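Working notes, beginning with the structure itself.
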Amino acid sequence: MTYMLEARDLHKYFGALHVTNGVNLKLAPGARHALIGPNGAGKTTLVGQLSGVIAPTSGQVFIGGEDVTRLAPAKRTRTGLVRTFQISNLFTDMTVLENVYLAVSQNRRMGVNPFRAAGRDKGSIDRAMDLIRKVRLEPHADRLVSELAYGQQRLIEIAIALALDPKILLLDEPAAGIPTGELDLLLRVIEELDPSLALLIIEHDMELVRRVATDVTVLVHGTVLIDGPLRDVMSSDEVKRVYLGGGEVEAQNA
Amino acid sequence: MDMPNARFLNRHRFSLWELVPLIVAIGCFYLFPGYLTLGAAVLVMAIFAVSLDLVIGYAGIVTLGHSVFFGVGAYGAAKLSMAGIDAPIAAALIAGAMAAVLAVLTGPFVLRLKHLPLIMVTVAIAAIAHEAANKMSWLTGGHDGLPNLTFEPVLGLFKWSIWGTTSYLYVLAWLVLLVIVSRIVVSSSFGMALQGIRQNELRMRVMGAPVLKQQVIIYTYSAFLAGIAGALYAQTNNFVSLETLTVDLGVFALAMIVLGGLGRIYGAIIGAAVYMIVQYLAQQWDPYFWMLAIGVLLVLVVRFGKGGLLGIAEKAWLRVRPARPAYDPATSEKLEPGE
Ligand SMILES: Nc1ncnc2c1ncn2[C@@H]1O[C@H](COP(=O)(O)OP(=O)(O)OP(=O)(O)O)[C@@H](O)[C@H]1O
Ligand SMILES: [Mg+2]
């Protein structure tokens, strides 16, 4: 079968540091795949290579069976590969609505139209407002992003990702910084995703992983320690050992 | 944050405030009939400053080579006049198009650079263009320039006068027209994307924005404006010289837009006017004093108001009356549903 997203033997060095070490990863249509691993394991760097903002030292990335290793990030996005950032990466000088509007209008290929007033682009503005409502930020739509709490900024990341009509969605620690009370909201957004969409979610919160993912890849020091169905991976001795050693996941899980 | 409550999505809304500069310009026409030549020069620089603000202030493309497009427009209009194409409006449009063609050809290469390399390369290109024009005196007249240019009356009706009456109104009409078009451009989805690129280019790329294409479009449009400004310079002075190609021109225009407030079309206009008038007055007093006067003014404005003169004024006004939100649920219900 052709996978929606596939990484084949990716390697990445930062100087002498081997951050991605022969990673293989496959996302089938409808995949709900979690990528877990201790801090510094190379998860974000892997997402960078999948989305094209980091060039791998060697190896290949395929979208829908096509080699996109040399394809620029913007073009990958236009094929439906959408990522979020672990640390909010927004237009801080713009309002929430303007941030999401920008994503909607790029997605609608309006970004090269110099004659259509953005403020009269009702279709895109309404779509942006729907997404803002979805992440319950409507009361803040007209506030500058820089005035919002960190957790709220994380939700804008999600709204922007949805605005880009993802077919493949890479979420880099979406729950980090989101207050516990809002986690249900995040879960619901994920549950409402198109069932045929392929999701890769990096997450430290094991409870969230259990509820969202059907498959898991565990990355340690840039290598895949183990991957497979959620149940198998979670019960594997290796994973328990790594996580008990790191302490990170168990602590957050408690 | 230099502009609290910035509302990009409100940019297309016309405000009565925007008539103020026009009223002032027309007022000056009647109040200072002896200064209309200076006035026309101010308006030409205002067009050039707006053109530079579009690339620097809106798109974040920091170039110091914009004099090239001004010079191409100026020499283009001069050559057109010498070749018998001396209907001023048509000549200005053709000269602007020449500058735009140059921009569309060079933009895809130059705009791959960012930050300091971009600044260095654009300065170098401008310096080389100046020197090349100096060497090619068969084409440009070298140090002597191209004097005694003649142009038909504007629209065949309004004769040029030595008092600058026609020049002033002619350039003012261009400025008004180009500001209206530029306003449409910056408040479009495209204009917002440019401001997105300025704030966070990586984010725009990851949203699928064709960043280089967007930058080349604004660069080309901006060059078109700069070329028209150059042509108007030639037409109102009946003369072009290497002055129109000096690197200084791009640097002065940068000072103007910083003074007036980056990323605000009217800021560029105010900046150009204040700069030129301070320069004129300081020069009257002491020919060597004006650089210092401008320098002190710039330092004060940058120190006390990040958004330039216009930013200071806006901030004061927003204290009095806050901006209206872009999304108003009450009115949005009445409009047609989205696609
Ligand atoms: N641009 C870079 N240059 C040099 N080293 C880097 C760079 N980016 C990341 N690294 C290093 O690569 C390693 C992997 O980083 P990465 O951010 O991918 O880890 P991660 O698994 O996402 O960690 P976390 O759970 O903390 O987000 C770390 O040791 C990090 O310091
Ligand atoms: Mg990370």
Count of residues meeting criterion [farther than 18 Å from A:THR45 by Cα, hydrophobic (A, V, I, L, M, F, W, C) and in contact with a His (Cβ under 8 Å, 6 or more places away or on another chain)] in region A:202-240:
1
The listed residue being away from every other protein chain (no Cβ under 14 Å), in contact with a Gly (Cβ under 7 Å, 6 or more places away or on another chain) and in a helix (DSSP H, G or I), out of B:ALA74, B:ALA100:
B:ALA74
Have a look at B:MET276, B:MET291, B:MET256 and point out the one that is free of Cβ contacts under 8 Å to residues at least 40 places away in the same chain and assigned to a helix (DSSP H, G or I).
B:MET291
Please verify whether A:SER88 is at pLDDT 95 or above and among the hydroxyl-bearing types (Ser, Thr, Tyr), treating the condition exactly as stated.
no
Taking region A:163-180 as the search range and keeping residues that are away from chain B (no Cβ under 12 Å) and more than 16 Å from ligand 2 (Cβ to nearest atom), which one is nearest to A:LEU35 (Cα to Cα)?
A:LEU169
Where A:VAL19 falls short, out of the listed (1) closer than 25 Å to A:ARG78 by Cα; (2) near ligand 1 (Cβ under 9 Å from one of its atoms); (3) in a strand (DSSP E or B)
(1)
Selection within region B:205-232 - in a helix (DSSP H, G or I) and within 7 Å of chain A (Cβ to nearest Cβ):
B:ARG205, B:VAL206, B:VAL211, B:LYS213, B:GLN214, B:ILE217
Residues that are away from ligand 2 (no atom under 16 Å from the Cβ), assigned to a strand (DSSP E or B) and modelled with pLDDT of 95 or more: does region A:191-214 have at least one?
yes
Enumerate the pairs (first residue in region A:33-56 and at pLDDT below 95; second residue anywhere and hydroxyl-bearing (Ser, Thr, Tyr) and within 9 Å of ligand 2 (Cβ to nearest atom)) with beta-carbon separation below 9 Å, excluding pairs fewer than 6 apart on the same chain, so at least 6 apart or on different chains.
none
Tally, over region A:69-85, of residues that are within 16 Å of ligand 2 (Cβ to nearest atom) and surrounded by fewer than 18 Cβ atoms within 10 Å (Cβ to Cβ)
0
Within region A:22-54, restricting attention to residues that are assigned to a loop (DSSP other than H, G, I, E, B) and within 14 Å of chain B (Cβ to nearest Cβ), which residue is nearest to ligand 1 (Cβ to nearest atom)?
A:ILE54
Report the residue count in region B:12-62 for those that are without any contact (Cβ under 8 Å) to a residue 60 or more places away in the chain and either within 14 Å of another protein chain (Cβ to nearest Cβ) or not in a helix (DSSP H, G or I) (or both).
5
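The values are calculated or read from the model by the stated rules, or taken from the named source; none is laboratory data. All values derive from a computational prediction rather than experimental measurement. No Cβ is skipped: glycine too gets one built from the backbone with ideal geometry, and neighbour counts run over all protein chains shown.
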